[in-house]
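Notes follow once the structure below has been shown.
The values are calculated or read from the model by the stated rules, or taken from the named source; none is laboratory data. None of these values were measured; they are calculated from a predicted model. Positions of Cβ are generated from backbone atoms using ideal geometry, with glycine treated the same way; all protein chains shown enter the neighbour counts.
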Amino acid sequence: MQMVVDTLRKKGKIYKKMQEIAPSELGVRNKIRLYKATDTNGYFWAIFAVSQKSRLLMKDVHKFEEIYAKLVLFFDHNFKHKIIFIDAPLCSKAKEALISQGWKIQ
């Protein structure tokens, strides 16, 4: 979590509250770190941190959208912003799909 907080702090994003959600709570078996954060203006942020060795493809984009939908249902509200931290190489089509669906890629 510290890496995510430090990266966002460098970009000027400060949060009042940040909570980590276990993927098992949503019924997800992926190795992904999920965070729900509230900024100083009261907006909710969905933050995903993905660390894998293989390239991120379109099937992974669909998987992240499903996880996001489960997150919205779990907390029963929509998120104003969606950020994804990716350590793996990213396919160009997957990058376009993430950006078109409102994700900010870090």
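For region 15-60, a residue qualifies if it is closer than 28 Å to S92 by Cα and of a type in the set (D, E, K, R), and the qualifying residues are R29, K31, R33, K36, K53, R55, K59, D60.
K70 falls short on exactly one of the conditions (1) surrounded by 18 or more Cβ atoms within 10 Å (Cβ to Cβ); (2) in contact (Cβ under 8 Å) with a residue 24 or more places away in the chain, and that condition is (1). Yes or no: region 18-27 includes at least one residue that is on the phi < 0 side of the Ramachandran plot and either modelled with pLDDT under 85 or in contact with a Cys (Cβ under 6 Å, 6 or more places away or on another chain) (or both). No, region 18-27 contains no residue that is on the phi < 0 side of the Ramachandran plot and either modelled with pLDDT under 85 or in contact with a Cys (Cβ under 6 Å, 6 or more places away or on another chain) (or both). Close contacts from region 29-50, counting a first residue that is of a type in the set (G, A, S) and a second that is outside any strand (DSSP E or B) and at pLDDT 90 or above, with Cβ to Cβ under 7 Å and a gap of 6+ residues or different chains, come to A46/Y68; A46/L71; A46/F79. Please enumerate the residues belonging to region 72-88 that are within 18 Å of I105 (Cβ to Cβ) and in contact with a Leu (Cβ under 7 Å, 6 or more places away or on another chain). Answer for region 72-88, where residues must be within 18 Å of I105 (Cβ to Cβ) and in contact with a Leu (Cβ under 7 Å, 6 or more places away or on another chain): I84, I86, A88. The number of residues in region 72-98 that are within 21 Å of N41 (Cα to Cα) and hydrophobic (A, V, I, L, M, F, W, C) comes to 5.
Where in region 1-90 are there strands (runs of 3 or more DSSP E), lying wholly inside it, with at least 3 residues that are within 19 Å of G102 (Cβ to Cβ)?
The strands (runs of 3 or more DSSP E) meeting that bar are 32-39, 44-50, 81-86.
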